[in-house]
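J.: Next up is a structure, given as structure tokens.
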Amino acid sequence: MFEELIKKSCFSEDAAEREEAAKNLELLYHCEIRCTQIDPSVLFAHHARGCTIVAAKICKGVVIYQNVTMGSNMKYNKVSQEWENIGSPIISENVIVCDGAKILGPVIIGANSVIAAGAIITKDIPMNSVAYGINQYRPRDRNYDLVYRSDSPDAKRIDEANKKLIAKFQARNG
């Protein structure tokens, strides 16, 4: 149902159908997704729970996790009586945006980058970077894929790893 609502909300030619789908996304999944352009291949992990996604453009191959915010970062200059910093982010191809990240303002996130969990980004990020903290970034290590791959471990393998970690914890803490 989520994927169907995303398709209608983002791609329907019928304005009423788009609006109804957007209302249902907010009601059922607690998310808002409104983009000027969004590629149909964009994936929302965990049904975009808690996300507010207002972007100029989201390109193909992007993965967005839960509780992500993308939107404007405008300010009004009282001296010039003009709005400044108008616009919303552009997310280039194959970017991964991790849990709780915030990308605000007319910024461009370069292709093949990862925006780390909890990052706050208000400046452009170069391609092939890992962005973290507040506007910090470093080159992405090409020997590793971070966070998401279509062949990620299944739930059983993750559960086994968690049980080993719990045993290690219990051994340390009696």
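J.: State yes or no: is residue 136 open to solvent by 50 Å² or more (accessible area, probe 1.4 Å), under 25 Å from residue 54 (Cα atoms) and out of contact with any Gly (no Cβ under 6 Å at 6 or more places or on another chain)?
T.: Values: open to solvent by 50 Å² or more (accessible area, probe 1.4 Å): yes; under 25 Å from residue 54 (Cα atoms): yes; out of contact with any Gly (no Cβ under 6 Å at 6 or more places or on another chain): yes.
Yes: the conditions hold for residue 136.
J.: Just to be sure before I move on: is residue 28 assigned to a helix (DSSP H, G or I), open to solvent by 30 Å² or more (accessible area, probe 1.4 Å) and either modelled with pLDDT under 90 or of a type outside the set (D, E, K, R) (or both) in the structure I sent?
T.: Working: assigned to a helix (DSSP H, G or I): yes; open to solvent by 30 Å² or more (accessible area, probe 1.4 Å): yes; either modelled with pLDDT under 90 or of a type outside the set (D, E, K, R) (or both): yes.
Judged against the criteria, residue 28 is a match.
J.: Among the residues of the range 148-161, is any open to solvent by 90 Å² or more (accessible area, probe 1.4 Å) and under 14 Å from the mean Cα position of the chain (by Cα)?
T.: no
J.: Please identify the pairs in which a residue from the range 1-13 that is within 19 Å of residue 59 (Cβ to Cβ) has its Cβ atom under 6 Å from the Cβ atom of a residue that is open to solvent by 80 Å² or more (accessible area, probe 1.4 Å) and in a helix (DSSP H, G or I), counting only partners at least 6 apart or on another chain.
T.: Final answer for the pair search is 9/18.
J.: Consider the range 129-174. How many of its residues are β-branched (Val, Ile, Thr) and in a helix (DSSP H, G or I)? It would help to see each step written out before you state the result.
T.: So in the range 129-174, the residues β-branched (Val, Ile, Thr) come out as 130, 134, 147, 158, 166.
After this cut, where a residue has to be in a helix (DSSP H, G or I) as well, the list is 158, 166.
Residues that pass the stated criteria total 2.
J.: Are there any pairs with C-beta distances below 9 angstrom linking a residue in the range 16-31 that is closer than 11 Å to residue 50 by Cα to a residue that is open to solvent by less than 70 Å² (accessible area, probe 1.4 Å) and of a type in the set (Ser, Thr, Tyr), with the two at least 6 apart or on different chains, and if so which?
T.: As it stands, the answer is 25/9; 31/52, since those pairs meet every condition given.
J.: Looking only at the range 11-25, count every residue that is open to solvent by less than 30 Å² (accessible area, probe 1.4 Å) and either within 15 Å of the chain's Cα centre (by Cα) or of a type outside the set (Ser, Thr, Tyr) (or both) and tell me the total. Walk me through how you get there before you give the answer.
T.: Within the range 11-25, the subset open to solvent by less than 30 Å² (accessible area, probe 1.4 Å) is 12, 21-22, 25.
Those still in the list that are either within 15 Å of the chain's Cα centre (by Cα) or of a type outside the set (Ser, Thr, Tyr) (or both) too: 21-22, 25.
Of the residues in the range 11-25, 3 are open to solvent by less than 30 Å² (accessible area, probe 1.4 Å) and either within 15 Å of the chain's Cα centre (by Cα) or of a type outside the set (Ser, Thr, Tyr) (or both).
J.: Between a first residue in the range 134-157 that is closer than 19 Å to residue 95 by Cβ and a second residue that is assigned to a loop (DSSP other than H, G, I, E, B) and open to solvent by 80 Å² or more (accessible area, probe 1.4 Å), which pairs have beta carbons less than 7 Å apart while being 6 or more apart in sequence or on different chains?
T.: From residues that are closer than 19 Å to residue 95 by Cβ, the pairs are 135/123.
J.: Another question, then. Of 101, 48, which residue is among the aliphatic types (A, V, I, L, M), open to solvent by less than 50 Å² (accessible area, probe 1.4 Å), under 27 Å from residue 30 (Cβ atoms) and modelled with pLDDT under 95?
T.: Values: 101 fails: modelled with pLDDT under 95.
Only one candidate passes the filter, namely 48.
J.: Follow-up. What tally of residues in the range 52-87 results from selecting those that are touching a residue at least 12 places away in the same chain (Cβ under 8 Å), open to solvent by less than 70 Å² (accessible area, probe 1.4 Å) and either acidic (Asp, Glu) or out of contact with any Phe, Trp or Tyr (no Cβ under 7 Å at 6 or more places or on another chain) (or both)?
T.: Kept after step one, since they are touching a residue at least 12 places away in the same chain (Cβ under 8 Å), are these residues of the range 52-87: 52-74, 85-87.
Checking which are open to solvent by less than 70 Å² (accessible area, probe 1.4 Å) leaves us with 52-56, 58-59, 61-66, 68-73, 85, 87.
Next, only the ones that are either acidic (Asp, Glu) or out of contact with any Phe, Trp or Tyr (no Cβ under 7 Å at 6 or more places or on another chain) (or both) stay: 52-56, 58-59, 61-62, 65-66, 68-73, 85, 87.
Summing the residues that are touching a residue at least 12 places away in the same chain (Cβ under 8 Å), open to solvent by less than 70 Å² (accessible area, probe 1.4 Å) and either acidic (Asp, Glu) or out of contact with any Phe, Trp or Tyr (no Cβ under 7 Å at 6 or more places or on another chain) (or both) in the range 52-87 gives 19.
J.: Moving to a separate point now. Report whether or not residue 80 is over 30 Å from residue 1 (Cβ atoms), in a loop (DSSP other than H, G, I, E, B) and of a type in the set (Gly, Ala, Ser). Spell out how you get there, then give the answer.
T.: On the way: over 30 Å from residue 1 (Cβ atoms): yes; in a loop (DSSP other than H, G, I, E, B): yes; of a type in the set (Gly, Ala, Ser): yes.
Taking the combined requirement at face value, the residue satisfies it.
J.: Restricting the range 41-67 to residues that are under 18 Å from residue 111 (Cβ atoms) and outside any strand (DSSP E or B), which is nearest to the chain's Cα centre (by Cα)? First the steps, then the outcome.
T.: Here is the first cut: in the range 41-67, the ones under 18 Å from residue 111 (Cβ atoms) are 41-43, 55-64.
Applying the additional criterion that residues be outside any strand (DSSP E or B) yields 41-42, 59-62.
Details: 41: 14, 42: 10, 59: 12, 60: 13, 61: 12, 62: 8 Å.
So, considering only residues that are under 18 Å from residue 111 (Cβ atoms) and outside any strand (DSSP E or B), the one nearest to the chain's Cα centre (by Cα) is 62.
J.: Can I ask one more? Out of (1) touching a Leu at 6+ places or on another chain (Cβ under 9 Å); (2) open to solvent by 80 Å² or more (accessible area, probe 1.4 Å); (3) charged (D, E, K, R), what's the single condition that is false for residue 123?
T.: Result: residue 123 fails condition (1) only.
The values are calculated or read from the model by the stated rules, or taken from the named source; none is laboratory data. Remember, it's a predicted structure, so these values are computed and weren't measured experimentally. All Cβ positions, even for glycine, are placed from backbone atoms using ideal geometry, and neighbour counts span all protein chains on display. Side chains are part of the model used for accessible areas, which takes the heavy atoms of the whole protein and leaves out ligands, DNA and RNA. Shrake-Rupley method; radii C 1.70, N 1.55, O 1.52, S 1.80 Å.
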